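A short worksheet on the structure shown next.
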Amino acid sequence: MKSWLAALTLFCATPTPTLAADVIAVHDAWVRAAPPGATVLAAYLTIDNHSADAQVLSGASSPQFARVEIHRTEFKNGVASMNAQPRVAIPAHATLSFAPDGYHLMLIGPRNPLRAGDHVELRIRFDGHVDQWIHAPVRTDIAPAADTTPHHHD
Ligand SMILES: [Cu+2]
């Protein structure tokens, strides 16, 4: 009991930012495979904010790419355009999905070609927290096992 209290006191007194998976969980990350020679790839993921405060995604990077930007695809009069978003807020107790035709991480300037089956290491930055590293498999599309709805391919 005594050591538990000591540990608790230490934890509460520590001023360094923390990021526990029970505050912000990043999951189901994947990178859409692109043709050889592609200079950009898109990464998708889901962010769960389990806290009572809004959390802010403020950047990402990867040792495998020159840079990573947060983008949002928006449709105006049927025309899609991608807009860079420097920061994206996730409201308290909300989930934000990065998915095709919406938010995505734009992976710019691959240092090496990536094929389906490879992995991308992504460093995700949230304001006030320690950066989170995630592991995103490269695949041609959403895994068939996770996709039970009828759809067509172009
Ligand atoms: Cu983009």
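Read the figures in this text as sums done on the coordinates, not as results from a lab. Note that this is a predicted model, so its numbers are computed, not measured. Note that each Cβ is placed from the backbone with ideal geometry, even for glycine, and that neighbours are counted across all protein chains shown.
Okay, here's what the table says:
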item: Neighbourhood charge, 13 Å Cβ-Cβ cut-off, centred on Ser81 and excluding it, Lys, Arg +1 and Asp, Glu -1; result: 0
item: Amide H contacts under 5 Å for Ala94, placed H, 5+ residues apart; result: Asn49
item: Relative contact order (percent, whole number), segment 18-141, Cα cutoff 8 Å, 6+ residue spacing; result: 34
item: J(HN,Hα) series, segment 127-140, from Karplus relation 6.51 cos²θ - 1.76 cosθ + 1.60, nearest Hz, glycine and proline x; result: 3, x, 9, 5, 4, 10, 9, 10, 10, 10, x, 8, 9, 6
item: Cut-off under 5 Å, modelled amide H: who pairs with Val138 long-range; result: Val31, Gly117, Asp118, His119, Val120
item: Under Karplus coefficients 6.51, -1.76 and 1.60, residue-wise ³J(HN,Hα) of segment 26-37 in Hz, glycine/proline x; result: 10, 8, 6, 7, 8, 10, 7, 4, 10, x, x, x
item: Amide hydrogen neighbours beyond the local backbone of Phe126, cut-off 5 Å, H modeled; result: Ser58, Gln132
item: Relative packing of peptides 41-53, 67-79 - highest average C-beta neighbours within 10 Å first; result: 41-53, 67-79
